[in-house]
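Worksheet: one structure, shown below.
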Amino acid sequence: MRSRNVLSGVFLGVGVAAFVDETVFHQLLHWHHFYDRSTPAAGLVSDGLFHAFGFFCTVGALFLLADLRRRNVFDRRRWWGGLFAGAGAFQLYDGTVQHKLLRLHEIRYDVDIAPYDWAWNVIAVALLVVGFGLLRRRRRPVT
Amino acid sequence: MSGMPGGGSLEVLDGLLLIAALTYAAGILAARRRGRSWPAARAACWYAGLTVAAAASAGPAAAHGFVPHMAGHLLLGMAAPLLLVLAAPGTLALRALPVRRARRLSRAFSAWPVRILTHPAVAVVLAAGGLWLLYTTGLYPAMMHSPAIHLLVQAHVLGAGVLLTHAIVGVDPMTHRATPRVRAAALLVFMAAHGILAKYLYGHPPAGVSGPAGRTGAELMYYGGDLADLALVIVFCWQWYDPARFRVGARRPPRPWTLHDDARIGRLERIDAPQPGNQRP
């Protein structure tokens, strides 16, 4: 059940990161494009898979969380550690592989993109560091 | 046949839906005569599903154009199948039929063609593959001009949707059901394929569809598909979560026996008991 705590957190982290990306940057700010005609096939496939995965993750994570609570084995720190790590991992993947390698879309168009890219990926790494920090702390025996 | 796409096929589909409505009602009555009740919620699902399917083929969604077509396609291929599958028509048939025929039907559920068709991977290929064929080949303009092709495509969309939904979250008896992990992976692949196709169509509408209509239709497919997928994912997770009604995983603690189980065993005995020499260990 220790791993289920982490898994639930990671799933929700991925889901929340994907959700924030989708609503804030696509829907509200319209910074990203729904579909950039120059998007190559690999980018489209990766985007589609992660969109579906993020969706599934959000719902699955909440049911896993309910299951942990029902069994009385919910471990707050491992769960939050998983959440930060999951959100950071997705954000980093989105910012490096999807935006740059697969050229899915840019964070924003018609501006100097470098500061946006830096902010995006530094936030991702910060989330990862917080997440792994929380997960590591928990491995020490509680006395 | 010029005003509506496939005017003649409408009547065929509506006829089939009417037959399905009457058969289900007859099943409930027959089950009741045999002393078996049937949950009103399941019946509600069935009639809601048929209504959605009828609306998809006859309502405003049947009007000409890519956007109404896409709305109808979402209703027929995703919303209606989920409702129809949750109505558990197979279980109703087992309750309604005389013992001997129910046994035959039960054997048919585990026949190899059924097992292959209801495997999640096969169902995903049929559903997603059918969509890709429809919108990336000449099939879409062809169905707009031929009532026969229109009917076939609609039947495939509904049929493949039902197969897929049954394979992922089916509540009817199913032997050799895939593990939750396989079913989750299959659902994920289908969701991704649906979303990818929607985005592809945004930039590359089917032949004969204008740019703006193609983009609106593609966005409708994308977000409407998300909504239907969300419902499917929630039902799937709920089935995993709910230990009282569905198969329990290996990592679950034993659960207490409930009245519901008594009722279920009573039903199984009713179907299984009268034949001697059928005692299984």
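Each value in this text was obtained by applying a stated rule to the coordinates, not by laboratory testing. Since this is a predicted model, take the numbers as computed values, not measurements. Glycine also receives a Cβ, built like all others from the backbone with ideal geometry; neighbour counts cover every protein chain displayed.
Just a few scattered comments:
- Distance between modelled label sites at A:ASP112 and B:ALA155, nm, 7 Å Cα→Cβ extension: 6.4 nm
- With the alpha-carbon atoms of the stretch B:7-249 aligned to their principal axes, the span from lowest to highest coordinate is 57, 40, 30 Å, starting with the largest.
- Ordered by the number of other Cβ atoms lying within 10 Å of each residue's own Cβ, fewest first, B:SER57, A:SER8 fall into the sequence B:SER57, A:SER8.
- Hypothetical label at B:ALA121: residues of the stretch B:153-189 whose amide nitrogen lies under 19 Å (7 Å Cα-Cβ projection): B:163-169, B:175-189
- Packing-based exposure ordering (other Cβ within 10 Å, fewest first) of B:TYR202, B:TYR223: B:TYR223, B:TYR202
- Exercise: per-residue mean of other protein chain Cβ atoms within 10 Å, B:69-76: 0
- Gain upon complete extension [B:ALA26, B:TRP238; 0.36 nm per residue less C-alpha separation]: 73.3 nm
- By the count of neighbouring beta-carbon atoms within 10 Å, fewest first, A:ASP117, A:ASP67 end up ordered A:ASP117, A:ASP67.
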